[in-house]
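Trainee: Questions regarding the structure given below will be posed in turn.
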Amino acid sequence: MKEVKLRFKFIKRSEYKYLSHLDITRIIIRAVRRAGVKIKYSEGFNPKPKINFSNPIPLGIESLAEYADLVILQDLDAMDFIDMMNTQLPKELKLVKSKVIASKTASLMSDISVCLYSFRLKTLSPGKGFKDGFDGEMGEKVKSHPDILNSILKLEFKKGYNVKDIVFLKLFGYAKIFKERNNRIFKFNNFFGFFQDLIKGYNVRVDYVLKEEMFIFKHNNLKTPMEVVN
Amino acid sequence: MRTVKTLKFKELESLLENIQKPGRYINKEIGTSSKNLSRIKDPCRIVFTALVFPDIYEVGMSNMGLQILYDIINRSSYFTAERVYSPWLDFEERLREQKVKLFSLENRIFLDCFDIIGFSAQHEMLYTNILNILNLGKIEIIAEKRGKIFPLVCAGGPAVVNPQPLSRFMDFMVVGEAEEVITPILEKVKACKKNCRDKKWFLKEIRKIDGVYIPDFYKFYYFKDGRVRSIEPGYKVKRAVVSDLDKFNIVTTPIIPSIKIIHERFSVEIMRGCRRGCRFCQAGITYRPVRQRNAVSLIKQSIEGIRNTGYDEISFLSLSSADYKDINYLVNGVLSNLKTENLSISLPSLRLDSFNIDIAELIGSGRKTGLTFAPEAGSQRMRDIINKGITEKEMIECAGIAFKKGWEKIKLYFMIGLPFEKYTDIEQIILLVRKVIYTAKDILPRQKLKRFRVNVSINAFNPKPFTAFQWAAQNSVKTLKEKFDYIIRNLPRRNVKLSWTSPYRSKVECALSRGNITTGKVIENAWKAGAKFDNWTDCFKFDAWEEGFRKAGADIDFYTTREIPEDEILPWDIVDIGTKKQFLLKEYKKSIKSSKLQD
Ligand code: SF4
């Protein structure tokens, strides 16, 4: 039978952010089975579906970009796959993109190296203090944190109706430090603890965190897992 | 008018910080069917029902009973049911610290806003958790002190065949199978709500419904020492029984848990009741008569359920699956229809003999994880006493076939402290285990022998209400310990893994199952002394129970190590279980006779 490998991107929001990587894995596999999509199983005594997910996300964080590769045994259009899956999934866990990929495509776990997190910060004493700190010593500390890809650190101040006290900070953290440098895996919670301590002095706290995207380093460029398989 | 108050998601989020497995508290699983609160126009016309399983989510969600009721209730447009489980210790602490009342999963409705709260008492060791949940919901635990009609508090499930221990806390209880009686009961709640009736009116209205026991309507007179002198009025509560199981379909769209639970599988009840008649077995009596579901429709519903849920395991439940007459047809039918689904089948209560090892093999389909035998006793003499119709020859033969077919793990269940037990009977347990090991050594190739494992599980015998042994004495903790010690010392070590339950826990369980009205005070005291999650080895506190008995002025031995005279009125005589006391007594006498025969 024809084997098709599909890559898909999904979101994990609201209540579903409290579910672990393994929980989400089981939920997705059951959804595939309910959708009636023929899954390829591994050989052996305890056959497992051929599905591989991107790196686990910390419990309690919402994500707009989770990925998985799935091998199925039927000819299926990527768009149809999305439709079939989304009728089986709750609104907190939906597929947003899908593509048929070559069977020898490198695995997500080994390929993804950068994650983009955005932090919504709240401050009680808005304005200069934090901005100055960020431009100065505090910003330096964040940038020089081993888990941060410093060239792409961005701070956005969001103005608007009565929310000038809300600051958006976009941080690209390594999902995984490149093997050549050292073999460390990006530990979000490590960084998060460090970061919270750091900003405490500025009367600022993290209000909300969102994982926005994941990237693969290709020819010195950041590409999303969907772009690399183009 | 009472309003339905709920906890906002934002508020829940702030409670969940650093809580273990937050997935236990968030709902949004696929398959929930409670009413959407925002679409309810007039809450006064809807009966809000909380279905409570007083253990953690992972345990509660593995139980089929509540899912059946959940399904029945939510199908009605006048009722809605939501689930409640025990919060784990860390979350309980958080709730108490933050002064947040316990709430249901679906709409996060605070417990005290429900019209009726129903507890599933699967076993006695959940009793303290019931009190804890009421308390977390800021609901008075003593029924008498709850003046207002709502919320009504009730309980059902296997443990309440003896309703006395929970009487102190419950407005009413349902003895037996609730499927057919739940709707008429909720209809009355609805009428009560609509016409602003009081509790008395409501209880009077439901008193004639099968299975309904209302503590308030009975009066128990006791002797000083705790024995029952008389019960008024004389008529009994008739256990509710579903006459035609096929009238209630399997729930083919169950709630699919998001987090990992104990049993992750689609469960199908194929039969209710068991005709084997083991004399220690309560379920064998309390689920009579034996009723089989139709195999053709079971196959259809099984396929539907697997398609609806996406599970890769299906479990055929009953007390003794091999006795289901179309078992081969059923297993084959399901397997052949779902060939491509990589499905595995489990038959948790498959009683093994050489005939159905074939079924075991058929469903094993490669995963030969373990076969279970429950000889319960080591000697033939003892098996005759308890009426367990299985011989050693059969078992060894069957184990042999199993080893030949590739199994390398066997589980053996035994009980100690059975009536008329002698040390020679316990020796025979050890001998039987040895024989199984020899058989394996004869048959299994070297390579496999390394992995070969016998899991021996030993429990203390508990005399249970509505069994032939309900009058028998439980061994003292000291005697049980000596017997356990003997087994530990003499059981071969190689290839054997031994597990047993604490004799202290068995003692408490026995005291609760044979409890009377005073037991309610004991439970209350024990809970106040810190007892909860009594079924969890790490949480069980015997001290708390000792204190519970002492403060209630009760002697635990009165309920456990005492042999009850056959003419004594039993606290559970109030229930007509469907089997006559005379029959049980006759069975008890047979066992005495058989103990003498082979002396
Ligand atoms: S122990 Fe098992 S086989 Fe024996 S009566 Fe009970 S359910 Fe039936």
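Trainee: Taking A:Asn46 as meeting all but one of (1) open to solvent by 50 Å² or more (accessible area, probe 1.4 Å); (2) assigned to a helix (DSSP H, G or I); (3) at the interface with chain B (Cβ under 8 Å from one of its Cβ atoms), write down the number of the exception.
Mentor: (2)
Trainee: Another question, if that's okay. Identify the residue in the stretch A:30-43 that is under 18 Å from B:Ile314 (Cβ atoms) and open to solvent by 30 Å² or more (accessible area, probe 1.4 Å) and, among all such residues, is nearest to the other protein chains (Cβ to nearest Cβ).
Mentor: Top of the filtered list is A:Tyr41.
Trainee: Another question, then. Before we move on, is B:Ser267 of a type in the set (Gly, Ala, Ser), closer than 30 Å to A:Leu89 by Cβ and either open to solvent by 80 Å² or more (accessible area, probe 1.4 Å) or away from chain A (no Cβ under 14 Å) (or both)?
Mentor: When the stated conditions are applied, B:Ser267 passes them.
Trainee: Also: So, in the stretch A:49-62, exactly how many residues are more than 11 Å from chain B (Cβ to nearest Cβ) and open to solvent by 40 Å² or more (accessible area, probe 1.4 Å)?
Mentor: Residues flagged as more than 11 Å from chain B (Cβ to nearest Cβ) and open to solvent by 40 Å² or more (accessible area, probe 1.4 Å) within the stretch A:49-62 amount to 3.
Trainee: For residues that are open to solvent by 30 Å² or more (accessible area, probe 1.4 Å) and not in a helix (DSSP H, G or I), scanning just the stretch B:139-148, find the one that is nearest to B:Trp527 (Cα to Cα).
Mentor: The residue in question is B:Glu140.
Trainee: Output the residues belonging to the stretch B:149-189 that are part of a loop (DSSP other than H, G, I, E, B) and under 17 Å from the mean Cα position of the chain (by Cα). Quick ask: steps written out before the conclusion?
Mentor: Residues of the stretch B:149-189 that are part of a loop (DSSP other than H, G, I, E, B), as a first pass: B:149-151, B:157, B:162-163, B:167-171, B:175, B:177-181.
Passing the criteria: B:Gly157, B:Asn162, B:Pro163, B:Val175, B:Glu177, B:Ala178, B:Glu179.
Trainee: Right, B:Cys278: under 18 Å from B:Ile390 (Cβ atoms) and either within 14 Å of chain A (Cβ to nearest Cβ) or in contact with a Lys or Arg (Cβ under 8 Å, 6 or more places away or on another chain) (or both) or not?
Mentor: yes
Trainee: Looking at the structure I just gave you, is B:Val251 more than 16 Å from the ligand (Cβ to nearest atom), surrounded by 21 or more Cβ atoms within 10 Å (Cβ to Cβ) and in a strand (DSSP E or B)? Break it down stepwise before answering.
Mentor: Values: more than 16 Å from the ligand (Cβ to nearest atom): yes; surrounded by 21 or more Cβ atoms within 10 Å (Cβ to Cβ): yes; in a strand (DSSP E or B): no.
Considered against the rule, which asks whether it is more than 16 Å from the ligand (Cβ to nearest atom), surrounded by 21 or more Cβ atoms within 10 Å (Cβ to Cβ) and in a strand (DSSP E or B), B:Val251 comes out as no.
Trainee: Regarding B:Asp246, is this residue farther than 30 Å from B:Leu338 by Cα and either away from the ligand (no atom under 16 Å from the Cβ) or assigned to a helix (DSSP H, G or I) (or both)? Working first, answer last.
Mentor: Details: farther than 30 Å from B:Leu338 by Cα: no; either away from the ligand (no atom under 16 Å from the Cβ) or assigned to a helix (DSSP H, G or I) (or both): yes.
Considered against the rule, which asks whether it is farther than 30 Å from B:Leu338 by Cα and either away from the ligand (no atom under 16 Å from the Cβ) or assigned to a helix (DSSP H, G or I) (or both), B:Asp246 comes out as no.
Trainee: Separate question: Restricting to the stretch A:49-72, count the residues that are assigned to a loop (DSSP other than H, G, I, E, B) and either of a type in the set (Val, Ile, Thr) or farther than 20 Å from A:Asn230 by Cβ (or both).
Mentor: Matching residues across the stretch A:49-72 total 8.
Trainee: Quick one: is B:Asp543 within 23 Å of B:Tyr127 (Cβ to Cβ) and among the acidic types (Asp, Glu)?
Mentor: Yes, satisfied.
Trainee: Does the stretch B:279-290 contain at least one residue that is of a type in the set (D, E, K, R) and within 30 Å of B:Gly417 (Cα to Cα)?
Mentor: yes
A quick yes/no check of all residues on (1) part of a strand (DSSP E or B); (2) open to solvent by 60 Å² or more (accessible area, probe 1.4 Å):
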{"position": "B:Ile303", "(1), (2)": "no, no"}
{"position": "B:Arg307", "(1), (2)": "no, yes"}
{"position": "B:Ile314", "(1), (2)": "yes, no"}
{"position": "B:Leu319", "(1), (2)": "no, yes"}
{"position": "B:Lys325", "(1), (2)": "no, yes"}
{"position": "B:Tyr329", "(1), (2)": "no, yes"}
{"position": "B:Asn332", "(1), (2)": "no, yes"}
{"position": "B:Ile345", "(1), (2)": "yes, no"}
{"position": "B:Pro348", "(1), (2)": "no, yes"}
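Trainee: Output the residues belonging to the stretch B:230-240 that are buried (at least 19 other Cβ atoms within 10 Å of the Cβ) and either among the β-branched types (Val, Ile, Thr) or within 16 Å of the ligand (Cβ to nearest atom) (or both).
Mentor: Filtering the stretch B:230-240 down to residues buried (at least 19 other Cβ atoms within 10 Å of the Cβ) leaves B:237, B:239-240.
Listed by number, the list holds a single entry, B:Val237.
Trainee: I'd like to know if the stretch A:6-24 contains one or more residues that are away from chain B (no Cβ under 14 Å), outside any helix (DSSP H, G or I), open to solvent by less than 30 Å² (accessible area, probe 1.4 Å) and among the aromatic types (Phe, Trp, Tyr).
Mentor: Yes, that holds for at least one residue.
Trainee: Would you kindly identify the helices (runs of 4 or more DSSP H) lying entirely within the stretch B:1-107 that contain at least 2 residues that are closer than 28 Å to B:Ile314 by Cβ?
Mentor: B:57-60, B:64-75
Trainee: Determine which member of the set B:Gly400, B:Gly364 is away from the ligand (no atom under 16 Å from the Cβ), modelled with pLDDT under 70 and open to solvent by less than 20 Å² (accessible area, probe 1.4 Å).
Mentor: B:Gly364
Trainee: Given the criteria in a loop (DSSP other than H, G, I, E, B) and in contact with a helix residue (DSSP H, G or I) (Cβ under 9 Å, 6 or more places away or on another chain), does B:Cys192 qualify?
Mentor: The answer is no for B:Cys192.
Trainee: A further question on this structure: Inspect all residues belonging to the stretch B:218-236 and state whether any of them is on the phi < 0 side of the Ramachandran plot and touching a Gly at 6+ places or on another chain (Cβ under 9 Å). Quick ask: steps written out before the conclusion?
Mentor: Quick first cut of the stretch B:218-236, residues on the phi < 0 side of the Ramachandran plot only: B:218-225, B:227-236.
Remaining after also requiring touching a Gly at 6+ places or on another chain (Cβ under 9 Å): none.
Scanning the stretch B:218-236, I find no residue that is on the phi < 0 side of the Ramachandran plot and touching a Gly at 6+ places or on another chain (Cβ under 9 Å), so the answer is no.
Trainee: Does B:Val59 fit the bill of being modelled with pLDDT of 95 or more and within 20 Å of the chain's Cα centre (by Cα)?
Mentor: Working: modelled with pLDDT of 95 or more: yes; within 20 Å of the chain's Cα centre (by Cα): yes.
Yes; evaluated as a whole, the condition is true for this residue.
Trainee: Looking for whichever is within 18 Å of B:Lys260 (Cβ to Cβ) and charged (D, E, K, R) here; the options are A:Asp23, A:Asp83, A:Asp132, A:Asp111. Which one fits?
Mentor: A:Asp23
Trainee: Can you name the condition, by its number, that B:Ile19 falls short on among (1) at pLDDT 95 or above; (2) at the interface with chain A (Cβ under 10 Å from one of its Cβ atoms); (3) open to solvent by 40 Å² or more (accessible area, probe 1.4 Å)?
Mentor: With (1) at pLDDT 95 or above; (2) at the interface with chain A (Cβ under 10 Å from one of its Cβ atoms); (3) open to solvent by 40 Å² or more (accessible area, probe 1.4 Å) applied to B:Ile19, the lone miss is (3).
Trainee: Look at the stretch A:88-126 and say how many of its residues are in contact with a helix residue (DSSP H, G or I) (Cβ under 9 Å, 6 or more places away or on another chain) and at pLDDT below 90. Explain how you work it out, then say what you get.
Mentor: So in the stretch A:88-126, the residues in contact with a helix residue (DSSP H, G or I) (Cβ under 9 Å, 6 or more places away or on another chain) come out as A:88-100, A:105, A:114-117, A:119, A:121, A:123.
From the residues that got through so far, the ones that are at pLDDT below 90 too are A:114-117, A:119, A:121, A:123.
Qualifying residue count for the region: 7.
Trainee: Hey, any hits in the stretch B:167-183 for a residue that's of a type in the set (S, T, N, Q) and open to solvent by less than 50 Å² (accessible area, probe 1.4 Å)?
Mentor: Yes; the residues of the stretch B:167-183 include at least one that is of a type in the set (S, T, N, Q) and open to solvent by less than 50 Å² (accessible area, probe 1.4 Å).
Trainee: Could you list, in sequence order, the residues of the stretch A:78-101 that are in contact (Cβ under 8 Å) with a residue 24 or more places away in the chain, away from chain B (no Cβ under 14 Å) and open to solvent by 50 Å² or more (accessible area, probe 1.4 Å)?
Mentor: Across the stretch A:78-101, the qualifying residues are A:Val96, A:Lys97, A:Lys99, A:Val100.
Trainee: Please state which one of B:Lys247, B:Lys260 is without any contact (Cβ under 8 Å) to a residue 12 or more places away in the chain, farther than 24 Å from B:Ala472 by Cα and out of contact with any helix residue (DSSP H, G or I) (no Cβ under 6 Å at 6 or more places or on another chain).
Mentor: Every option except B:Lys247 fails the conditions.
Trainee: Follow-up. Out of the helices (runs of 4 or more DSSP H) lying entirely within the stretch B:417-518, which hold 2 or more residues that are within 27 Å of the chain's Cα centre (by Cα) and over 23 Å from B:Leu166 (Cβ atoms)?
Mentor: B:477-490
The values are calculated or read from the model by the stated rules, or taken from the named source; none is laboratory data. What you see is a predicted model, and the numbers here were worked out from it, not measured in a lab. With ideal geometry, Cβ positions are generated from the backbone for all residues, glycine too; neighbour counts draw on all protein chains shown. The area values use the complete protein model at the heavy-atom level, side chains included, leaving out ligands, DNA and RNA. Shrake-Rupley method; radii C 1.70, N 1.55, O 1.52, S 1.80 Å.
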